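This report concerns only the one structure given below.
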Amino acid sequence: MSDGKINLAVVPVAGRGTRLLPLTKSQPKEMLPVGRKPVVQYVVEELARCGVERFLFVTGPGKTAIENHFDIDVELVESLRESGKEELLKELAFERADLDYFYTRQRRQLGLGHAVLSASAAVGNEPFVAALGDSIIGLHAQSRIVRRMIDEFQRQRADAVIAFEIVPREDVVHYGIAQPERPPDAASDVFRLSGIIEKPSPAEAPSDLAVAARYVFSPAVFEHLRATEPGKGGEIQLTDAVQRLIQSGGKVLGVRLPPSERRFDIGNFGSYFRAFLEFALADDEYGPELRQFVQGLL
């Protein structure tokens, strides 16, 4: 296993976002605004703060808006300058970041595991971060969890490191759930996994620790993804491949999110509305006035 720098992220963004129709009929859910920015921009900025410099988006039909968003729009820049709106150029600073963007397609909708596997030819034989493009970690993406995960991956020479968050017991049916090797120490947020289960019932769940949309993988995960049969929903589940990795003797670690770095899931209207409201209320310019407005409504 390489101890070199990990600076590549695979970002699956191919899902259709059907739980957010009609918003997602003509635009990717990853491009939905949360506060001042689209979801996927928060994801990129979070990972860039953690040392990621190369981004490989796994796309699907109707996702060209993501590619357009990260392109440099010379005509827009010139228009702002010519119209005396240069103060708005700071809103496009993300375009000038020293980052590289690449795109590949998930040709069939066969689940998250298949989306990650679709990146295998481009990733090659190097470790990488995987980050779901519809989940923001931390308010305004001010999270260092991926940096912590990369550090643990290298320090402990792991085969995979996965972020987890504590969820209510009744919600475990929506997530991959950790089976820690031993009960996590309250004083430590790092633990080794003896297993991981996709969407168990509350009675079956070995813990209340749910996968929190961030991973660090060695390229060995691709071998296990290729051997993984379709699971729940007829999809190739990433958690099933991780379980195979564990069973083959691989070292898989969990890192628990700190309370200050909650996950904002933009997967359904309830969580999307809550995320947008919380980010808007935290806005430096408009937040205080909006807070008064909302209080008046209530």
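The values are calculated or read from the model by the stated rules, or taken from the named source; none is laboratory data. Since we're looking at a predicted model, the values are computed, not measured. Ideal geometry is used to build each Cβ from the backbone, glycine not excepted, and the neighbour counts take in all protein chains shown. These accessible areas exclude ligands, DNA and RNA; they are computed on the full protein's heavy atoms, side chains included. Shrake-Rupley method; radii C 1.70, N 1.55, O 1.52, S 1.80 Å.
I want to confirm something. Restricting to region 70-88 and keeping residues that are touching a residue at least 24 places away in the same chain (Cβ under 8 Å) and open to solvent by 40 Å² or more (accessible area, probe 1.4 Å), which single residue is farthest from ARG108 (Cα to Cα)?
That would be ILE72.
Report whether or not SER201 is crowded, with 17+ Cβ neighbours inside 10 Å and not β-branched (Val, Ile, Thr). Before the answer, list the steps.
On the way: crowded, with 17+ Cβ neighbours inside 10 Å: no; not β-branched (Val, Ile, Thr): yes.
For SER201, the condition - crowded, with 17+ Cβ neighbours inside 10 Å and not β-branched (Val, Ile, Thr) - is not met.
Can you go through ASP208, ASP189, ASP283 and tell me which one is open to solvent by less than 40 Å² (accessible area, probe 1.4 Å), of a type in the set (Asp, Glu) and out of contact with any His (no Cβ under 6 Å at 6 or more places or on another chain)?
Numbers: ASP208 fails: open to solvent by less than 40 Å² (accessible area, probe 1.4 Å); ASP189 fails: open to solvent by less than 40 Å² (accessible area, probe 1.4 Å).
Result of the check over ASP208, ASP189, ASP283: ASP283.
If you scan region 245-269, which residues turn out to be closer than 26 Å to PHE222 by Cβ, within 17 Å of the chain's Cα centre (by Cα) and of a type in the set (Val, Ile, Thr)?
Result: VAL255, single match.
Just to be sure, is VAL294 out of contact with any Ser or Thr (no Cβ under 6 Å at 6 or more places or on another chain), of a type in the set (Val, Ile, Thr), in a strand (DSSP E or B) and at pLDDT 90 or above? Before the answer, list the steps.
Working: out of contact with any Ser or Thr (no Cβ under 6 Å at 6 or more places or on another chain): yes; of a type in the set (Val, Ile, Thr): yes; in a strand (DSSP E or B): no; at pLDDT 90 or above: yes.
In short, no.
Spot the failing condition for ALA141; the list is (1) modelled with pLDDT of 85 or more; (2) open to solvent by less than 20 Å² (accessible area, probe 1.4 Å), and only one is missed.
Going through (1) modelled with pLDDT of 85 or more; (2) open to solvent by less than 20 Å² (accessible area, probe 1.4 Å) one by one, ALA141 breaks only (1).
What about SER201, is it of a type in the set (Ser, Thr, Tyr) and in contact with a helix residue (DSSP H, G or I) (Cβ under 9 Å, 6 or more places away or on another chain)? Don't jump to the end; show me each part of the working.
On the way: of a type in the set (Ser, Thr, Tyr): yes; in contact with a helix residue (DSSP H, G or I) (Cβ under 9 Å, 6 or more places away or on another chain): yes.
Answer is yes for this residue.
Please specify each residue of region 158-186 satisfying the condition of being aliphatic (A, V, I, L, M) and open to solvent by 10 Å² or more (accessible area, probe 1.4 Å). Give the derivation first.
Our first condition is that a residue be aliphatic (A, V, I, L, M); within region 158-186, this holds for 158, 160-163, 166-167, 172-173, 177-178, 186.
Across region 158-186, the qualifying residues are ILE166, VAL167, VAL173, ALA186.
So which strands (runs of 3 or more DSSP E) are wholly in region 34-153 and hold at least 2 residues that are more than 22 Å from GLU165 (Cβ to Cβ) and among the hydrophobic types (A, V, I, L, M, F, W, C)?
Fully inside region 34-153 and qualifying: 54-59.
Does ARG214 fit the bill of being outside any helix (DSSP H, G or I) and of a type in the set (Lys, Arg)?
Answer is yes for this residue.
Take GLY111 and decide whether it is buried (at least 17 other Cβ atoms within 10 Å of the Cβ) and modelled with pLDDT under 95.
Spelling it out, GLY111 is indeed buried (at least 17 other Cβ atoms within 10 Å of the Cβ) and modelled with pLDDT under 95.
Would you be able to say whether some residue in region 128-136 is within 24 Å of ASP284 (Cα to Cα), of a type in the set (A, V, I, L, M) and surrounded by 16 or more Cβ atoms within 10 Å (Cβ to Cβ)?
Yes; the residues of region 128-136 include at least one that is within 24 Å of ASP284 (Cα to Cα), of a type in the set (A, V, I, L, M) and surrounded by 16 or more Cβ atoms within 10 Å (Cβ to Cβ).
Of all residues being open to solvent by 50 Å² or more (accessible area, probe 1.4 Å) and free of Cβ contacts under 8 Å to residues at least 40 places away in the same chain in region 248-280, which is nearest to MET149 (Cα to Cα)? Just the residue, please.
Going through the qualifying residues, I end up with PRO259.
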